[in-house]
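All remarks here apply to the structure that follows.
The values are calculated or read from the model by the stated rules, or taken from the named source; none is laboratory data. Everything numeric in this text was worked out from a predicted model, so none of it was measured. No Cβ is skipped: glycine too gets one built from the backbone with ideal geometry, and neighbour counts run over all protein chains shown. Ligands, DNA and RNA are excluded from the accessible area calculation, which covers all protein heavy atoms including side chains. Shrake-Rupley method; radii C 1.70, N 1.55, O 1.52, S 1.80 Å.
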Amino acid sequence: MIALMADVIFFDLDGTLVDHRRAVWETIGQIIQAAPNATAPPEELATLWWTLEARHMREYLAGQCSFAEHHRRRLRSFLPMLGEPVPESPGLLDAWITKRYLSVFEEFWRCYPDVQPCLETLKQLPRGPRLAVLTNGDPEQQRAKLARFGLLEYFEAVLTPTDLGTAKPAAYATACRWMRTDPAQAVNVGDMLESDVNAAALAGLTGIWLDRGIDFVTGGPSPTADETIPRIEQLTELHNHLSPTNV
């Protein structure tokens, strides 16, 4: 095991601190169940929603649309499959998202049980690292998740593309400058092997893979990683990777 001397630890949010995937599937499952005129089986519709989320989130992160517009684009493709008319008005699309999706989605947010014990352990370290969240999500929504579970107090910063002007992976260098630290003294912890770990390493940080036993994108088994990549199965293992200088 590599002992890391860390000045800052960045945490991914969705899939790392909060179970985003399950919340999405539970929410869209309820919506589909209440749609008598759906034009495809429930499994196909749920997969379509997940695919549309990924596609239009990439457009948002590339600066091609606003966060609200990425939701609207998703709906324009999804509603015909749900057997519902597509409103022309952006305001009506926004109202559908707020009432039918977000209000339910927020009820299904769940914090992983290993999160608070991990953060408490790091907080108690005499020379522990500073902590920040680095996420590609919407700032208002992401801070609301952290506030819901009493996690905001643990973090010096919650950094999003809105704050940094860029998304991961380009955001790693910018986030280090924001936190006034050298990438060589920064750690990024996340559940996605490529974007949270390998991309962070390319930017000069140490990436630690939180392998929760599921691929965030596909829902299948975890990908196979090089044995040299630092890997944990629970966030409560994280402090074991820190240098005695931190501890």
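Per residue, segment 97-155 exposes an accessible area of 48 Å² to a 1.4 Å probe, with every protein chain left in place.
Centre-to-centre, using Cα atoms only, segment 119-135 and segment 45-74 are separated by 32 Å.
Per-atom-type breakdown for segment 1-114 gives carbon and sulfur 56% of the accessible area (1.4 Å probe, protein chains only). One Cα centroid belongs to segment 85-113, the other to segment 202-247; the line between them spans 32 Å.
Positive-end ranking of Gly207, Leu151, Ala170 along the dipole of segment 95-247, with charges on Cβ about the Cα centre, is headed by Leu151. Taken about its Cα centre, segment 1-115 carries a charge dipole of roughly 300 debye when the Cβ of each Lys and Arg holds +1 and the Cβ of each Asp and Glu holds -1.
Please quote Rg/Rh for segment 12-101 to two decimal places, taking the Kirkwood radius as Rh and restricting both calculations to Cα atoms. Ratio of gyration radius to Kirkwood radius: 0.96. Split the accessible area of segment 149-204 by element, probe 1.4 Å, and carbon with sulfur accounts for 56%.
Annotation for segment 144-247: trypsin sites (Lys or Arg not before Pro) lying in DSSP loop with at most 15 further Cβ atoms inside 10 Å of their Cβ are Arg180. In the chain, the DSSP beta bridges split such that about 5 percent are antiparallel, to the nearest 5. Put simply, the chain fits an ellipsoid with semi-axes of 35, 18, 16 Å; these come from the alpha carbon gyration tensor as the roots of five times its eigenvalues, largest first.
In this Cβ point-charge picture (+1 for Lys and Arg, -1 for Asp and Glu), the chain has a dipole of about 460 debye about its Cα centre. Averaging over all projection directions, the Cα-based convex hull of segment 58-172 occupies 8.8 nm² in the image plane.
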